[in-house]
1. Condition check: under 25 Å from ASP154 (Cα atoms), of a type outside the set (D, E, K, R) and modelled with pLDDT of 95 or more. Does PRO67 satisfy that?
2. Take region 112-132 and flag every residue that is open to solvent by less than 20 Å² (accessible area, probe 1.4 Å) and farther than 22 Å from VAL78 by Cβ.
3. Would you check if ASP154 is of a type in the set (Asp, Glu) and free of Cβ contacts under 8 Å to residues at least 24 places away in the same chain?
4. Which condition does GLU153 not pass, out of (1) open to solvent by 30 Å² or more (accessible area, probe 1.4 Å); (2) in contact with a Leu (Cβ under 8 Å, 6 or more places away or on another chain); (3) not in a loop (DSSP other than H, G, I, E, B), if it passes all the others?
5. Please enumerate the residues belonging to region 120-150 that are outside any helix (DSSP H, G or I) and in contact with a helix residue (DSSP H, G or I) (Cβ under 9 Å, 6 or more places away or on another chain).
Amino acid sequence: MRVYVPLTLSGLAEAYKTGELGAGPFVAYAVTPALREWYLSDDIEELEYAALNRAAQASLRLLAGEPGTVRRRVVVAVDVPDRAAVADPDRGLDAAALGEVRVSGAGAVPLAKAAAVHVDADDAEEDVAAAVAALGAADHGDGDAQFIVDGAEDHELLWFATQEIPNLVGLDD
């Protein structure tokens, strides 16, 4: 199963140094039955794009917890065994949890299993920083703040091969 793991650039640097995304359980996003129902599409590419965008939203929240890190969303696409990614059936209809899965298993998920890395371009940093700053107000129903948060989604994440991770995190070999 392809899952989309939200990270930050510092989290990606740590994963690169250790060679793993973590031993789990950790939150990722995937094409779940609830996401299929919500998105009303049978096109797997559209559904995977929706899961990727859900992970990008989660990356914003991770950025809020890391005040000193570069304001660029990061999502790692990785393939895990189907049984390793499980959606919580109690949260299936919760809009905030659409596509959310818990990844766990017998060990760490090697970064080598990653298919690609998706990262904001440099020109997105200002809008992503504004979105991170507005998250709290948006969570409390502020429509203007939600508009700012949604503005980060106007930036498409760029696709990078896993061999490009050292360049992305400033660890050129």
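1. Considered against the rule, which asks whether it is under 25 Å from ASP154 (Cα atoms), of a type outside the set (D, E, K, R) and modelled with pLDDT of 95 or more, PRO67 comes out as no.
2. ALA124, VAL128, ALA131, VAL132
3. no
4. (2)
5. Result: ASP120, ASP142.
The values are calculated or read from the model by the stated rules, or taken from the named source; none is laboratory data. Keep in mind that this is a model prediction, so the values were computed, not measured. Glycine also receives a Cβ, built like all others from the backbone with ideal geometry; neighbour counts cover every protein chain displayed. Keep in mind that these areas ignore ligands, DNA and RNA; they rest on the heavy atoms of the full protein, side chains included. Shrake-Rupley method; radii C 1.70, N 1.55, O 1.52, S 1.80 Å.
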